[in-house]
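Enquirer: Shown below is the structure under consideration.
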Amino acid sequence: MTLEGAAEALNAFTGGAADASLMSAWESGRRRTGKRNRAGLCQLYRERSEVLFAHQDGAATSVLETSGTAVVVKVLTRWTDLVEAMTGVVAGAREQLVVTGSRSREKVYLAAIETAVAQQPDLVHYRVLYGPPRHRALVDHLARLLELRDPSARRNGVKTLHIGMVEATEALERFFVASESAAVVPLPSFHGAEGFDCGVLLSREGAVGLVHHGREACASARPVETTEAVRALPVRLN
């Protein structure tokens, strides 16, 4: 099978959205395969996990693992700094942009994502929801992304828009925005019991790891890639 054919066959088992580049990263051992896709690949190739993934599980220590806290560029302790850093990651993305979480509603941040998608046709954008959106603003944002790009289209053979929702109730929600060069991870507030108004800005080593984290999560998620599917999502809060 080609990488494209293997990805298509895997997605038939998992309902995910793996693509050729992700399959290549798994095969080469550059990235570890998640639980759901491991099960699907074992089913596809009719082989035990210990055989298929020995090259991943026995991999040497990565640069990220040895760099420790050096990947933290800055601790963000104010809401304005957090939003500025997140929009900065979006504006600086040229190859890949991964956004996770179902709580987004900051207008400036969402508008920055839409601008990046509109102005950079080669940028591959992954949006991973963890359960239904919490706010109507996020539903409207997803609908605008679908107006800007057709997820079924391919640019130079590459799908450039992925929107998926992780539905497993045991999956903890992740919050981050990552490009190929920087990332921001929001944190619970340092100032009170409500909200996520602080965070950390990470360097390229941390960002690359989070990009692959998000791609893996999106590959295992249920695609939500039509306007009808987006508008049908329940909104937990207004």
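Enquirer: Name every residue in the stretch 69-84 that is at pLDDT 95 or above and farther than 17 Å from Phe190 by Cα, in order of residue number.
Expert: Within the stretch 69-84, just Glu84 meets the criteria.
Enquirer: Any residue in the stretch 73-96 that is closer than 18 Å to Glu205 by Cα sitting within a Cβ distance under 8 Å of a residue that is basic (Lys, Arg)? List the pairs, counting only those 6 or more apart or interchain.
Expert: Listed pairs, sorted by first residue: Ala85/Lys74; Gln96/Arg215.
Enquirer: Just to be sure before I move on: is Glu180 open to solvent by 20 Å² or more (accessible area, probe 1.4 Å), within 17 Å of Leu202 (Cβ to Cβ) and touching a residue at least 60 places away in the same chain (Cβ under 8 Å) in the structure I sent?
Expert: In short, yes.
Enquirer: Pick from the stretch 122-140 the residues that are under 18 Å from Phe175 (Cα atoms) and part of a loop (DSSP other than H, G, I, E, B): which of them is least open to solvent (accessible area, probe 1.4 Å)?
Expert: Residue satisfying both the conditions and the ranking: Pro133.
Enquirer: Something else: So if I check each of Thr100, Thr66, which one is open to solvent by 50 Å² or more (accessible area, probe 1.4 Å) and either modelled with pLDDT of 95 or more or more than 21 Å from Gly214 (Cα to Cα) (or both)?
Expert: Exactly one residue qualifies, and that residue is Thr66.
Enquirer: If you go through the stretch 150-177 one residue at a time, how many are out of contact with any His (no Cβ under 8 Å at 6 or more places or on another chain) and open to solvent by 20 Å² or more (accessible area, probe 1.4 Å)?
Expert: Adding up the residues that qualify gives 18.
Enquirer: Looking at (1) closer than 20 Å to Phe13 by Cα; (2) in contact with a helix residue (DSSP H, G or I) (Cβ under 6 Å, 6 or more places away or on another chain), which is the one condition that is false for Gly209?
Expert: Here Gly209 clears every test but (1).
Enquirer: Now for a different question. Among the residues of the stretch 151-162, is there at least one that is at pLDDT 95 or above and in contact with a Phe, Trp or Tyr (Cβ under 7 Å, 6 or more places away or on another chain)?
Expert: yes
Enquirer: While we're here: Scan the stretch 103-121 for residues that are open to solvent by less than 30 Å² (accessible area, probe 1.4 Å) and either among the hydrophobic types (A, V, I, L, M, F, W, C) or touching a Gly at 6+ places or on another chain (Cβ under 7 Å) (or both) and jot them down.
Expert: Across the stretch 103-121, the qualifying residues are Leu110, Ala112, Ile113, Ala116, Val117.
Enquirer: Would you point out the residue of the stretch 187-227, among those that are part of a loop (DSSP other than H, G, I, E, B) and open to solvent by 60 Å² or more (accessible area, probe 1.4 Å), that is modelled with the lowest pLDDT?
Expert: The selected residue is Glu194.
Enquirer: For Ala137, work out the one condition from (1) closer than 24 Å to Glu228 by Cα; (2) within 16 Å of the chain's Cα centre (by Cα); (3) at pLDDT 95 or above it doesn't fulfil.
Expert: Status for Ala137: all satisfied but (2).
Enquirer: Assess whether Ala143 counts as being outside any strand (DSSP E or B), touching a helix residue (DSSP H, G or I) at 6+ places or on another chain (Cβ under 9 Å) and either open to solvent by less than 30 Å² (accessible area, probe 1.4 Å) or not aliphatic (A, V, I, L, M) (or both).
Expert: Yes.
Enquirer: Could you grab me the full set of residues in the stretch 1-48 that are charged (D, E, K, R) and open to solvent by 60 Å² or more (accessible area, probe 1.4 Å)?
Expert: Within the stretch 1-48, Glu4, Glu8, Glu27, Arg30, Arg31, Arg32, Lys35, Arg36, Arg46, Glu47, Arg48 meet the criteria.
Enquirer: Go over the candidates Val230, Val184 one by one and state the one that is in contact with a helix residue (DSSP H, G or I) (Cβ under 6 Å, 6 or more places away or on another chain) and in a helix (DSSP H, G or I).
Expert: The unique qualifying residue is Val230.
The values are calculated or read from the model by the stated rules, or taken from the named source; none is laboratory data. Keep in mind it's a predicted model, so treat the numbers as computed, not measured. All Cβ positions, even for glycine, are placed from backbone atoms using ideal geometry, and neighbour counts span all protein chains on display. Accessible surface is based on the protein model in full, side chains and every heavy atom, while ligands, DNA and RNA are left aside. Shrake-Rupley method; radii C 1.70, N 1.55, O 1.52, S 1.80 Å.
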